[in-house]
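Asker: Here you go, one structure.
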Amino acid sequence: MSKVFFKKISYEELLKRPDIIVDGLKIAGITENFKKDNFVGLKIHFGEKGNKSFINPNFLIPLSKFLKKCQSRPFLFETNTLYRGERMNAVDHMNLAYGHGFAKTNMPIVIADGIKGNDYIEAKIDKKHFKTCFLAKALFDVDFLLVLSHLTGHMLTGFGAAVKNLGMGCAARRGKLSQHCTMQPVISEKKCIMCGMCVKSCPAQAIEKGEAKCYVVKEKCIGCAQCISVCPRGAVDIVWSEEYNLMGEKMAEYAYAVTKNIKCAYVNFCLYITKECDCMNKESAGFIKDIGILFSYDPVAIDKASLDLVQKQENRDAILECHPKINYLHHLQYAETLGLGSLNYELVEI
Ligand code: SF4
Ligand code: SF4
């Protein structure tokens, strides 16, 4: 059974006392990886332009100081996105990160799959969906990866936290594409008003205007889901729930590939929890009360513990209510079968 350490705290309290993160890492035995001269990557999501719910850079200032006191070489680690936006290449991505205040962490930023997201190393795993995963090249120079994840709902996986941050977040663009490429949306004739927003935002020019509605050209679609998020009428949807499950399994295989090659530990921020992820280019309100922060060496256990804490606090399945068509536990269950971690855990309140 894996141990998950939990500190109950609100977003505002953590802003006043961000040193609590270092305390939690010490208690969880994670700081022993902050060795002299080691390259310690902090896997982070800088938030899409206009987003406000990403992990606040002020939370990371004492952690940065502590890592330097340990004489490690800490840096902020991220990869480019598959879809259009401000994080699609390293230059725009870093400018956005600075704009979102990450310079104050005093750590350099490394966009690990290169300027255009094309730098990868093939990692062999020999699993059901993938024999080879295309992981961000710079990942292989990291001595230790501390995966910092913001728990949110997610339109493709039901929720996103540690496993998603590993699997999708450490893949180069080719790897992200291979995880998404079975997801093909359909457009409802009844709901589509032909506004053309999906046509403009599709990175693969896979949507065309028909007579009564827009339609997806299946051969061109790369399954990035951008059209689902931009449609103002909710006219774009994925039909079969197996598609969601399939993507979740692929993502879990990528997460497995990362942990097979790099030692990792995890911190989940269950604060300012939004219905959609931090890739949304708009400000969203938190939809449930803050819960706290969790620490673990097990990505499956920390995600399951985060979900259980949501359920316990809300006394309802708040994550399922956000995305009722998605079995959000599926990717964790599959991850457990891969040996990525355990759904059974011991929660230790600190
Ligand atoms: S049709 Fe939708 S899912 Fe397919 S590539 Fe275009 S935006 Fe992405
Ligand atoms: S964004 Fe939605 S409503 Fe607008 S054209 Fe596309 S499917 Fe139709």
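The values are calculated or read from the model by the stated rules, or taken from the named source; none is laboratory data. Because the structure is predicted, anything quoted here is derived from the model rather than measured. We place every Cβ from the backbone using ideal geometry, glycine too, and count neighbours over all the protein chains shown.
Asker: Which one is nearest to LEU166 (Cα to Cα), of the residues in region 91-140 that are acidic (Asp, Glu) and touching a helix residue (DSSP H, G or I) at 6+ places or on another chain (Cβ under 9 Å)?
Answerer: ASP113
Asker: Filter region 320-338 down to residues that are assigned to a loop (DSSP other than H, G, I, E, B) and out of contact with any Ser or Thr (no Cβ under 9 Å at 6 or more places or on another chain) and give me whichever is surrounded by the most Cβ atoms within 10 Å (Cβ to Cβ). Give the derivation first.
Answerer: First pass over region 320-338, keeping only residues assigned to a loop (DSSP other than H, G, I, E, B): 323-329.
Keeping just the survivors that are out of contact with any Ser or Thr (no Cβ under 9 Å at 6 or more places or on another chain) gives 324, 329.
Values: PRO324: 9, LEU329: 17.
Top of the filtered list is LEU329.
Asker: Return yes when SER188 is modelled with pLDDT under 90 and of a type outside the set (Phe, Trp, Tyr) and no when it is not.
Answerer: No, not satisfied.
Asker: Moving to a separate point now. Quick check: anything in region 177-186 within 16 Å of ligand 2 (Cβ to nearest atom), touching a residue at least 40 places away in the same chain (Cβ under 8 Å) and surrounded by 22 or more Cβ atoms within 10 Å (Cβ to Cβ)?
Answerer: Yes.
Asker: Name the residue that is nearest to ligand 2 (Cβ to nearest atom), counting only residues in region 187-207 that are small (Gly, Ala, Ser) and free of Cβ contacts under 8 Å to residues at least 60 places away in the same chain. Spell out how you get there, then give the answer.
Answerer: First, pick out the residues of region 187-207 that are small (Gly, Ala, Ser): 188, 196, 201, 204, 206.
Checking the rest, the ones that are also free of Cβ contacts under 8 Å to residues at least 60 places away in the same chain come to 188, 196, 204, 206.
Values: SER188: 8, GLY196: 5, ALA204: 14, ALA206: 12 Å.
By that ranking, first place goes to GLY196.
Asker: Also, I was wondering about something else. Every residue in region 147-172 that is β-branched (Val, Ile, Thr) and under 14 Å from TYR244 (Cβ atoms), please.
Answerer: Selection gives THR157 alone.
Asker: If you take the residues in region 78-125 that are among the acidic types (Asp, Glu) and over 20 Å from MET247 (Cβ atoms), which one is surrounded by the most Cβ atoms within 10 Å (Cβ to Cβ)? First the steps, then the outcome.
Answerer: Kept after step one, since they are among the acidic types (Asp, Glu), are these residues of region 78-125: 78, 86, 92, 113, 119, 122.
Pick out the ones that are also over 20 Å from MET247 (Cβ atoms) and you get 78, 86, 92, 119, 122.
Numbers: GLU78: 26, GLU86: 20, ASP92: 15, ASP119: 20, GLU122: 13.
Among them, the one singled out is GLU78.
Asker: Residue by residue through region 1-59, note down the ones that are under 20 Å from LEU307 (Cα atoms) and hydroxyl-bearing (Ser, Thr, Tyr).
Answerer: Of everything in region 1-59, those that are under 20 Å from LEU307 (Cα atoms) and hydroxyl-bearing (Ser, Thr, Tyr) turn out to be SER2, SER10, TYR11, SER53.
Asker: Within region 102-207, considering only helices (runs of 4 or more DSSP H) that don't extend past its boundaries, which have at least 2 residues that are out of contact with any Gly (no Cβ under 8 Å at 6 or more places or on another chain) and more than 16 Å from ligand 1 (Cβ to nearest atom)?
Answerer: Passing ranges, in order: 162-167.
Asker: Any residue in region 83-98 that is in contact (Cβ under 8 Å) with a residue 60 or more places away in the chain sitting within a Cβ distance under 6 Å of a residue that is within 16 Å of ligand 1 (Cβ to nearest atom) and charged (D, E, K, R)? List the pairs, counting only those 6 or more apart or interchain.
Answerer: Matching pairs, first to second residue: GLY85/GLU48.
Asker: If you check TYR98, TYR83, TYR120, which single one turns out to be touching a Leu at 6+ places or on another chain (Cβ under 9 Å) and among the hydroxyl-bearing types (Ser, Thr, Tyr)?
Answerer: TYR120
Asker: Do any strands (runs of 3 or more DSSP E) entirely within region 1-93 hold 1 or more residues that are under 22 Å from LYS116 (Cβ atoms), and if so, which? Lay out the reasoning, then the answer.
Answerer: Values: elements: 2-8, 39-43, 73-78.
Ranges flagged: 39-43, 73-78.
Asker: Within region 324-342, can you find the residues that are in contact (Cβ under 8 Å) with a residue 12 or more places away in the chain, farther than 13 Å from MET251 by Cα and among the hydroxyl-bearing types (Ser, Thr, Tyr)?
Answerer: SER342
Asker: So ARG233 ticks every box in (1) under 25 Å from ALA123 (Cβ atoms); (2) surrounded by fewer than 21 Cβ atoms within 10 Å (Cβ to Cβ) but one. Which box is left unticked?
Answerer: It is condition (1) that ARG233 fails.
Asker: Would it be correct to say that MET168 is in contact with a Ser or Thr (Cβ under 9 Å, 6 or more places away or on another chain), over 26 Å from ALA301 (Cβ atoms) and in contact (Cβ under 8 Å) with a residue 60 or more places away in the chain?
Answerer: In short, no.
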